[in-house]
Amino acid sequence: QVQLVESGGGLVQPGGSLRLSCAASGSGFSIIAMGWYRQAPGKQRELVATITSGGSTNYADSVKGRFTISRDNANNTVYLQMNSLKPEDTAVYYCNADIFLSVFVSYKTYWGQGTQVTVSS
């Protein structure tokens, strides 16, 4: 079994920065891609950013130039550096990982429990 554990959310003023982390733990797996999604109250969950094992990245237009996704393959960890935060970035942020399970020779998507990010003065 694989678990994703997130950390780094909190309350920040507009224009401030936060760094989210997500670590994957378990055994018998390899990570294909990891990413971050967010869900604001009353809205659907939306993609924020993704990164493949090779380092290719993809960002939502709303965060381009402000957020940076990075990855530590050796430690199965993904980060989201969020700068110039805006009130509209307020949401629960979820870590996501597309994983290959060697025991079952199959692919599965895992989600973290979510971490709250609130941008407010």
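Condition test on Ser21, is it of a type in the set (S, T, N, Q), touching a residue at least 24 places away in the same chain (Cβ under 8 Å) and under 13 Å from Met82 (Cα atoms)?
Details: of a type in the set (S, T, N, Q): yes; touching a residue at least 24 places away in the same chain (Cβ under 8 Å): yes; under 13 Å from Met82 (Cα atoms): yes.
Considered against the rule, which asks whether it is of a type in the set (S, T, N, Q), touching a residue at least 24 places away in the same chain (Cβ under 8 Å) and under 13 Å from Met82 (Cα atoms), Ser21 comes out as yes.
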Self-check item: Yes/no for Gly8 being more than 19 Å from Lys108 (Cα to Cα) and open to solvent by 60 Å² or more (accessible area, probe 1.4 Å)
Solution: no
Practice problem: Among the numbered conditions (1) open to solvent by less than 60 Å² (accessible area, probe 1.4 Å); (2) among the small types (Gly, Ala, Ser); (3) over 11 Å from Gly35 (Cα atoms), tell me where Ala97 comes up short. | Solution: (3)
Quiz prompt | Condition check for Leu85: at pLDDT 95 or above, open to solvent by less than 10 Å² (accessible area, probe 1.4 Å) and either touching an Asp or Glu at 6+ places or on another chain (Cβ under 7 Å) or under 22 Å from Phe29 (Cβ atoms) (or both) | solution = no
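Any idea which residue in region 36-50 is farthest from Gly8 (Cα to Cα), counting only those that are among the charged types (D, E, K, R) and surrounded by 14 or more Cβ atoms within 10 Å (Cβ to Cβ)? Lay out the reasoning, then the answer.
First, the residues of region 36-50 that are among the charged types (D, E, K, R): 38, 43, 45-46.
Then drop every residue that is not surrounded by 14 or more Cβ atoms within 10 Å (Cβ to Cβ), which leaves 38, 45.
Details: Arg38: 14, Arg45: 19 Å.
Taking the candidates together, the pick is Arg45.
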Practice problem: Working only within region 51-82, note down all residues that are open to solvent by less than 70 Å² (accessible area, probe 1.4 Å) and in contact (Cβ under 8 Å) with a residue 40 or more places away in the chain. | Solution: Asn76, Thr77, Val78, Tyr79, Leu80, Gln81, Met82
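The values are calculated or read from the model by the stated rules, or taken from the named source; none is laboratory data. Since the model is a prediction, treat every value here as computed from it, not as a measurement. No Cβ is skipped: glycine too gets one built from the backbone with ideal geometry, and neighbour counts run over all protein chains shown. We work out accessible area using only protein heavy atoms, side chains counted, and drop any ligands, DNA or RNA first. Shrake-Rupley method; radii C 1.70, N 1.55, O 1.52, S 1.80 Å.
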